[in-house]
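The values are calculated or read from the model by the stated rules, or taken from the named source; none is laboratory data. On a predicted model such as this, the values are computed, not experimentally measured, just so you know. When we count neighbours, we look across all protein chains shown, and the Cβ atoms used for this are built from the backbone with ideal geometry, even at glycine. Areas reflect the complete protein model, heavy atoms only, side chains present, ligands, DNA and RNA absent. Shrake-Rupley method; radii C 1.70, N 1.55, O 1.52, S 1.80 Å.
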Amino acid sequence: MQLPKLIHYKWWLRVTCYILFLLSGQSAATLLGGLYYDKGGNSKWMATFVQSAGFPILLPLLFFFTSSINSNTATNPISSSFANKPEGPKLSTLTFLYIGFGALLTGDNLMYSYGLLYLPVSTYSLLCATQLAFNALFSFFLNSQKLSPFVLNSLILLTASASLLAVNADSENSAGIPRRKYVIGFFCTLGASATYSLYLSLVQLSFEKVINKETFSTVLNMQIYPSFVATCGCVVGLFASREWESLENEMKEYKEGKVSYLMTLIWTAITWQVSSVGLLGLIFEVSSLFSNVISTLALPLVPILAVIFFHDKMNGVKVMAMLLAIWGFLSYIYQHYLDDAKSKTSLTSENEVAGAQLETG
């Protein structure tokens with residue numbers, strides 16, 4: 001009787017670890033990205049490159065879980081019977097998926113880089129809250145997600161939060177940001193949030209309709225191979241835009257020195273991958289929607305940290321936008337709680353019916 005409880009506790013422990021990875025990794029990566037620009041970095045393609053270039057640190061995890069699955073299948077007859085399922089998708093299909101997702105990530109990361117370059121870190125992070133609203137919209141059409149009143153409330157609140165930041169451009173210009181660049185950064189960040197939400201919904205759809213299984217190794221494959229494609233795309237962009245020619249001077253002129261320049265880029269790449277591990281773990285254990293909800297939880301933290309480390313201004317409009325974003329997030333979380341409680345109730349009812357049938361028999 002204690003075994004189900006033990007499994008339940010282990011599940012919560014894993015989910016808690018993934019949440020910590022996602023929150024800490026995303027917050028640190030966003031702040032380091034802002035630090036790169038704040039201290040003299042100016043290469044948009046380099047900032048885009050580091051968002052995907054850290055994928056090799058996930059290779060040991062892939063080898064470990066792949067070898068564990070193979071050894072369990074070979075030694076456990078029950079595992080091998082479960083492994084005898086219909087063959088997976090063709091290699092050509094997977095290649096098309098990985099290349100498509102990699103190209104999508106390249107564009108998404110580039111738009112995020114423009115957003116970090118042209119916006120204060122606090123404004124950038126609050127704008128990213130709109131990804132929940134976009135996720136609800138894409139999930140409705142692609143993943144058959146129901147738009148309940150609480151989800152709609154979340155969508156409206158997050159839209160209002162982004163609108164407040166849009167009309168806040170004049171106060172931001174006092175920080176030395178031209179209005180044209182502010183508008184570019186605003187719409188690039190908004191477009192990046194929409195693209196990222198589309199990416200998550202398409203990944204979920206691919207798991208359900210194409211791959212038809214959700215083992216941790218397949219989730220890692222979905223991260224590693226598109227990241228490899230995105231990294232190759234960034235290298236092409238770096239050379240095509242001729243930004244690579246200015247990297248040496250950029251390193252020399254970096255305010256904190258060459259070592260700090262390299263460490264900022266390296267740790268940005270690592271923290272993005274820590275965030276990805278948390279994101280992938282939550283997709284594996286719960287769902288892509290839940291992982292996006294948790295990533296939104298980091299957004300109210302970043303503006304506070306940006307005020308501390310980057311001395312960003314936190315005026316009344318930003319505070320109101322942050323409160324609306326938190327309200328929208330809580331509304332989304334409450335809907336997830338209601339769905340979870342409903343599924344538990346239906347599962348309990350099914351078990352009671354099954355028990356009654358056994359007793360009758």
Could you work out how much longer the chain between Leu13 and Asn315 gets when fully extended? Use 0.36 nm per residue separation minus the Cα distance between them, nm to one decimal.
104.9 nm
Could you order His336, His311 by accessible surface area, starting with the largest, using a probe radius of 1.4 Å?
His311, His336
Among the listed pairs Lys44/Lys252; Lys10/Lys209; Lys90/Lys209, those beyond 19 Å (Cα-Cα)
Lys10/Lys209
Under the classification rounded if a/c is under 1.5, otherwise prolate if a/b is larger than b/c and oblate if not, where does region 189-243 fall, given a ≥ b ≥ c as square roots of the Cα gyration tensor eigenvalues?
oblate
Show Asp108, Asp312, Asp339 ordered by accessible area, largest first, where the area counts protein heavy atoms only and the probe is 1.4 Å.
Asp339, Asp312, Asp108
Between Phe63 and Glu250, how many nm apart are label points set 7 Å from Cα along the C-beta direction?
3.2
Contour minus end-to-end for Ile308 and Lys213, with contour as 0.36 nm per residue of separation and end-to-end as the Cα-Cα distance?
29.8 nm
Report Arg242's accessible area, 1.4 Å probe, all protein chains in place, as a number in Å² to the nearest 10.
140
Cys234, Cys17, reordered so the largest accessible area comes first (probe 1.4 Å)
Cys17, Cys234
So, taking all protein chains as they sit and a 1.4 Å probe, how much accessible area belongs to Leu119, in Å² rounded to tens?
10
Note down the accessible area of Tyr196, probe 1.4 Å, to the nearest 10 Å².
40
